[in-house]
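Notes follow once the structure below has been shown.
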């Protein structure tokens with residue numbers, strides 16, 4: 001009798017399985033109808049600089065996670081962390097609620113009293129002046145002193161020579177940014193780090209899938225960071241990020257700081273489970289027996305995403321190589337076109353033995369050009385082509401950073417040029433040939449008029 005009831009429940013149109021299947025079908029129909037209406041019209045449709053690329057598989061994964069009823073980070077989160085680590089080649093990964101949080105968590109972890117030779121307030125961190133603000137904010141919030149070096153005008157990254165000249169007795173960390181997906185010169189930089197006993201963190205937020213001598217960036221330093229904001233290479237339902245761990249001594253430290261500073265290391269293990277480790281109630285604070293889930297050994301944060309984000313991220317990660325191929329395709333097409341205008345622009349260059357996973361196509365207007373950035377980007381925006389400056393440019397020119405404690409290791413002419421003259425356009429997977437042709441035609445009209 002019981003078996004018969006269960007069989008009837010499974011076959012009922014009101015059973016969970018059938019309802020879920022119907023929801024999936026409705027979502028698929030909705031997405032396909034919506035997508036079918038999208039048609040690019042030159043001069044009337046916006047050419048975005050970036051955006052999430054998704055379909056019904058992503059949305060249905062989110063729905064499945066919601067229907068499970070556990071909204072905090074759980075099984076999907078742990079699976080994505082494992083799959084992400086396998087994809088990039090790191091020893092472990094922890095998800096965060098943003099790439100900026102990942103940078104903050106990386107710095108905080110290297111300052112943990114539990115880590116040997118940990119960083120301390122007043123230590124110096126060598127980092128490029130042309131950067132994203134939360135890279136520097138993560139240092140400043142912890143009392144570290146950024147030491148700024150200039151970047152190359154073509155790669156948009158610092159050279160090993162600049163980094164070496166900036167090293168002092170107080171230097172403890174090199175914090176690199178693989179700018180717009182373009183890898184830094186990791187071999188000489190890692191040699192410098194080893195020679196001077198320095199930690200290296202790689203901000204890989206722009207560069208998921210970038211290769212340096214066949215190895216993915218984010219895995220050279222002791223820690224790496226990723227961002228899953230919709231503009232980036234994959235997304236986790238909007239915001240999201242990750243810390244890539246390349247030294248397992250940091251695994252429990254990162255976990256603790258991400259989760260309120262607590263000592264428990266069991267992980268989500270499927271949601272609100274208790275005592276997964278089997279020793280939850282065998283700990284003490286002093287002489288008082290205490291629940292290990294509520295022992296706090298760090299002054300931490302809550303930097304976790306939620307389960308539905310991880311569910312989407314798992315689907316996105318399966319697509320990320322195809323996304324990257326389209327980014328590289330779009331970058332190559334733009335480079336071929338704009339090479340004819342090298343009298344006006346400094347074009348991006350990658351180092352030998354690298355294969356960038358490009359975030360965007362940057363262009364720096366030469367000082368001798370007969371137009372300025374304001375004229376060009378306003379023309380592009382008026383023609384519905386989105387542009388962005390090179391993030392903060394020289395961070396020391398930004399109002400919030402003019403008063404921070406820092407050291408400038410060398411003059412910053414290229415960072416200043418990038419601050420005033422650099423912008424980028426999109427290469428994200430949503431851009432196809434028709435959008436590229438429109439973008440290049442608008443550039444051609446402007447340059448013919450002002451050239």
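Derivation of every value follows stated rules applied to the coordinates shown; laboratory data play no part. This one's a predicted model, so the numbers in the text were calculated from it and none came from an experiment. Here the Cβ positions follow ideal geometry from the backbone for every residue, glycine too, while neighbour counts run over all protein chains shown.
Working from Cα pairs under 8 Å separated by at least six residues, relative contact order for the chain is 22 percent. Say R0 is 22 Å: what FRET efficiency, to the nearest 0.05, do residue 398 and residue 420 get from their beta-carbon distance? It comes to 0.95.
Quick one: Cα convex hull volume of segment 67-309, Å³ per residue?
121
Compactness ratio for segment 178-274: Cα radius of gyration over 2.2 N^0.38 Å (N = residue count) comes to 1.24. Normalised Debye scattering of segment 320-450 at q = 0.16 Å⁻¹ gives log10 I(q)/I(0) of -0.89, counting only Cα atoms as equal scatterers and leaving out solvent. Estimated at 0.36 nm per residue, the fully extended path between residue 68 and residue 46 surpasses their Cα-Cα distance by 4.2 nm.
Extending 7 Å from Cα along the Cβ direction at residue 433 and again at residue 168 yields two label points whose distance is 5.6 nm. Between residue 449 and residue 299, the distance separating the two model label sites (each 7 Å from Cα on the Cα→Cβ line) works out to 5.6 nm. With a Förster radius of 30 Å applied to the C-beta separation of residue 86 and residue 332, the computed FRET efficiency comes to 0.60.
Between residue 288 and residue 405, the contour length at 0.36 nm per residue exceeds the Cα-Cα span by 37.8 nm.
If you plug the beta carbon distance of residue 187 and residue 117 into 1/(1 + (r/R0)^6) with R0 = 22 Å, you get a FRET efficiency near 0.40.
Label-to-label distance for residue 279 and residue 20 is 3.6 nm, based on points extended 7 Å past Cα in the beta-carbon direction.
Using alpha carbons only, the radius of gyration of the chain set against its Kirkwood radius gives Rg/Rh = 1.02.
When each of the peptides 222-232, 152-162, 191-201, 373-383 is scored by the mean number of other C-beta atoms lying within 10 Å of its residues, the order from highest to lowest reads 222-232, 152-162, 191-201, 373-383.
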